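Chemist: One structure is given below, represented as C-alpha cells, and several questions about it will come after.
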Amino acid sequence: MAPLSYSVPQRILHWGMALLIFFNLIFSDGIEHWHHLVRRGQTITPDDVAAANIHAYVGIAILLLAVLRLALRRIQGVPVAPAEEPPLLSLVAKVTHGLLYLLLILMPLSGIGAYYFGNGTAGDVHADILKVVLWALLVAYIAGALVHQFYWKTDVLARMTHGVRKRA
C-alpha cells in the first residue's frame with residue numbers, strides 16, 4: 001500500500017535540495033567567472049577558485065542527495081497521484097519527475113566533467129542546455145503543484161510539507 005505522505009526524511013531532502021538547487025541556479029556567478037577566465041587563458045586567483053568551489057561543492061551535494069532521495073523513494077515508496085488529476089497530466093507529472101531526477105544527476109556530472117576534468121563540451125552542455133531545461137522543468141513542476149493546490153484542491157502540497165495523516 002502506498003503511503004499517504006512523503007516521509008519526514010523525504011521531505012527534508014526535498015526542501016533541502018530545493019534550496020541547494022536554487023542557490024546554484026541563482027548564484028552561479030563564481031563558476032561562470034572562473035569558466036570565462038579559463039576560456040580566455042587569464043589568471044585565476046584564489047578567490048576565483050574559492051567562488052567556483054562553492055558552486056562545485058553544492059553541485060556534488062545535490063548529486064549525492066539525489067541518489068539518496070532515489071533510494072528512499074525505492075525503499076519507502078511515494079503517495080499515489082490524486083484521483084482529481086487527469087490521466088494525461090498524471091503521465092506528464094511522472095515524466096517531469098523522471099526528467100528532474102535525470103537532470104539532478106546529469107547536471108552535477110557534467111559540471112564535474114567541466115570543472116575537474118577540463119571538458120569544455122561538458123561545461124557548455126551544463127551551462128547552455130541542461131541549465132535551461134532545468135529551469136523549464138522547475139517552472140512546470142511548481143506550476144503543477146499550484147494547480148493541484150488551487151484548482152483541484154488536492155493534498156499534493158501537504159504531502160510534501162506537513163504530511164497527511166488520513167485520506168479525506
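Chemist: For every other residue with a beta carbon closer than 14 angstrom to the beta carbon of I31, add +1 if it is Lys or Arg and -1 if Asp or Glu, then tell me the sum.
Modeler: -4
Chemist: Measure off, as a whole percent, the carbon and sulfur share of the 1.4 Å-probe accessible area of the chain, all protein chains present.
Modeler: 71 percent
Chemist: When the Karplus curve 6.51 cos²θ - 1.76 cosθ + 1.60 is applied with θ = phi - 60°, which whole-Hz ³J(HN,Hα) does each residue of region 74-80 get, with x for Gly and Pro?
Modeler: Here the 3J(HN,Hα) series is 5, 7, 9, x, 9, x, 6 Hz.
Chemist: With each label point set 7 Å from Cα along the Cα-Cβ vector, what nm distance links I60 and L37?
Modeler: Between I60 and L37, the simple spin-label model gives 1.9 nm.
Chemist: How large is ³J(HN,Hα), in whole Hz, for each residue of region 141-152 in order, when computed from phi with the Karplus curve 6.51 cos²θ - 1.76 cosθ + 1.60 and θ = phi - 60°, using x for Gly and Pro?
Modeler: So the Karplus estimates, Gly and Pro as x, are 4, 5, 4, x, 4, 5, 4, 4, 5, 9, 9, 8 Hz.
Chemist: Over the chain, what is the relative contact order in percent, taking alpha-carbon pairs closer than 8 angstrom and at least six residues apart?
Modeler: 32 percent
Chemist: Compare the peptides 58-66, 120-128, 104-112, 142-150 by average per-residue count of other Cβ atoms within 10 angstrom and give them in order, highest first.
Modeler: Final packing ranking: 104-112, 58-66, 120-128, 142-150.
Chemist: I want to verify the translational diffusion coefficient of the chain in µm²/s; compute it with Stokes-Einstein, Rh as the Kirkwood radius over Cα pairs, at 20 °C and 1.002 mPa s.
Modeler: In µm²/s, the coefficient is 122.
Chemist: Looking at the chain, identify the longest residue range that excludes and avoids all trypsin sites (Lys or Arg not before Pro) in DSSP loops having at most 15 other Cβ atoms within 10 Å.
Modeler: 1-152
Chemist: Can I ask one more? Per residue of region 97-113, what does 6.51 cos²θ - 1.76 cosθ + 1.60 with θ = phi - 60° give for ³J(HN,Hα)? Whole Hz please, x for Gly and Pro, Karplus curve as stated.
Modeler: 4, x, 5, 4, 4, 4, 5, 5, 9, 5, 5, x, 5, 5, x, 4, x
The values are calculated or read from the model by the stated rules, or taken from the named source; none is laboratory data. Quick caveat: nothing in here was measured; it's all calculated off a predicted structure. Positions of Cβ are generated from backbone atoms using ideal geometry, with glycine treated the same way; all protein chains shown enter the neighbour counts. Accessible surface areas use protein heavy atoms only, side chains included; no ligands, DNA or RNA. Shrake-Rupley method; radii C 1.70, N 1.55, O 1.52, S 1.80 Å.
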